[in-house]
1. Can you tell me which condition Phe45 does not meet? The list is (1) in a loop (DSSP other than H, G, I, E, B); (2) within 18 Å of Ala250 (Cβ to Cβ), and all the others hold.
2. Taking Pro51 as meeting all but one of (1) over 23 Å from Gln18 (Cβ atoms); (2) loosely packed, with under 14 Cβ neighbours inside 10 Å, write down the number of the exception.
3. Scan segment 70-118 residue by residue and report those that are outside any helix (DSSP H, G or I), among the charged types (D, E, K, R) and surrounded by 16 or more Cβ atoms within 10 Å (Cβ to Cβ).
4. How many residues does segment 14-42 contain that are in contact with a Ser or Thr (Cβ under 6 Å, 6 or more places away or on another chain) and assigned to a loop (DSSP other than H, G, I, E, B)?
5. Please list, ordered by first then second residue, the pairs with beta carbon atoms under 9 Å, 6 or more apart or interchain, first in segment 128-140 and within 15 Å of Ala86 (Cα to Cα), second surrounded by fewer than 21 Cβ atoms within 10 Å (Cβ to Cβ) and basic (Lys, Arg).
6. Answer yes if at least one residue in segment 91-106 is more than 17 Å from Gln151 (Cβ to Cβ) and either touching a Pro at 6+ places or on another chain (Cβ under 7 Å) or not assigned by TED's automatic domain parsing to the domain that holds Gln151 (or both), and no otherwise.
7. Can you tell me which residue within segment 222-242, out of those that are buried (at least 24 other Cβ atoms within 10 Å of the Cβ) and more than 11 Å from the chain's Cα centre (by Cα), is farthest from Cys193 (Cα to Cα)?
8. Can you name every residue in segment 11-50 that is modelled with pLDDT of 95 or more and of a type in the set (S, T, N, Q)?
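The values are calculated or read from the model by the stated rules, or taken from the named source; none is laboratory data. These numbers come from a predicted model, not from an experiment. Glycine also receives a Cβ, built like all others from the backbone with ideal geometry; neighbour counts cover every protein chain displayed.
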Amino acid sequence: MPVNLTLGVSLKMYFGYQQTREWCQQVAEITRNHPLLKHNDVTLFTFPSQPAIETALTAFAAAPMSVGAQNMSSEPQGAWTGETSARMLQEMGCRFVELGHAERRTHFHEDDAQICQKVCLALQHQLTPVVCIGETTRMAAGHARVFAIEQANTIINALKNKRLQGEIIFAWEPQWAIGASQPASAEYIRTVCSGLRHHLAAAWPRQARVIYGGSAGPGLLTQLWPDVDGLFLGRFAHSPDAFKSILDEAFALSHHSSQKETI
């Protein structure tokens, strides 16, 4: 049985312009030829730095990788120096936008109201929001699940109040696990993500996916599947070969699923 999988990569601000260009070209070649993408429903997206979006769009024009932005303005247009509008991202050809990352919440003091406003604007401009949620400090898995559901409900309720519809990807990233030497255990992640997915199936049916980020690397997808819809990759995937290894792992997982289905 083919797998329905979502894999995203954020380049953050680690790369310069030329390095971003080279990464996109190499990953475009990988994705154009990888067997995972021939018989499975796979969604791939990447978030380069804002000045390199056009370059990424060009590199992936003939590859199954969508491009998005790491952030956007909470205002539709106007005198907002240094900001980027949802309308411009849509016009450029972006399909996704990352919103509410822990760094934006902590260092730029973005609150729930501002993030909800951005999510609404994204959907109004046919951009799929990838909304980052997650607890700041380590807690019991059951409590983290409740925390994630409450964060997701804040977004869902804002959309319902404005009578908006559209697909949302929730990237659950426990903030204490981002870049940590000892990330969250597979059991911890499965508990939170499976509970969040079950809740969203009723609260936002057929329009929500849950992917895991926070020191996501090789072998993790196999441990988490099928309790997650995919992974949100950071520095590990900044090597094209490492990104390919995740695709290889997903392909092995899809092959294994197909074999089980025929038994």
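1. (1)
2. (1)
3. Glu98, Glu110
4. Total meeting the criteria: 1.
5. Thr128/Arg95
6. Yes, some residue in segment 91-106 is more than 17 Å from Gln151 (Cβ to Cβ) and either touching a Pro at 6+ places or on another chain (Cβ under 7 Å) or not assigned by TED's automatic domain parsing to the domain that holds Gln151 (or both).
7. Residue satisfying both the conditions and the ranking: Ala237.
8. Gln18, Gln19, Thr20, Gln25, Gln26, Thr31, Thr43, Thr46, Ser49, Gln50
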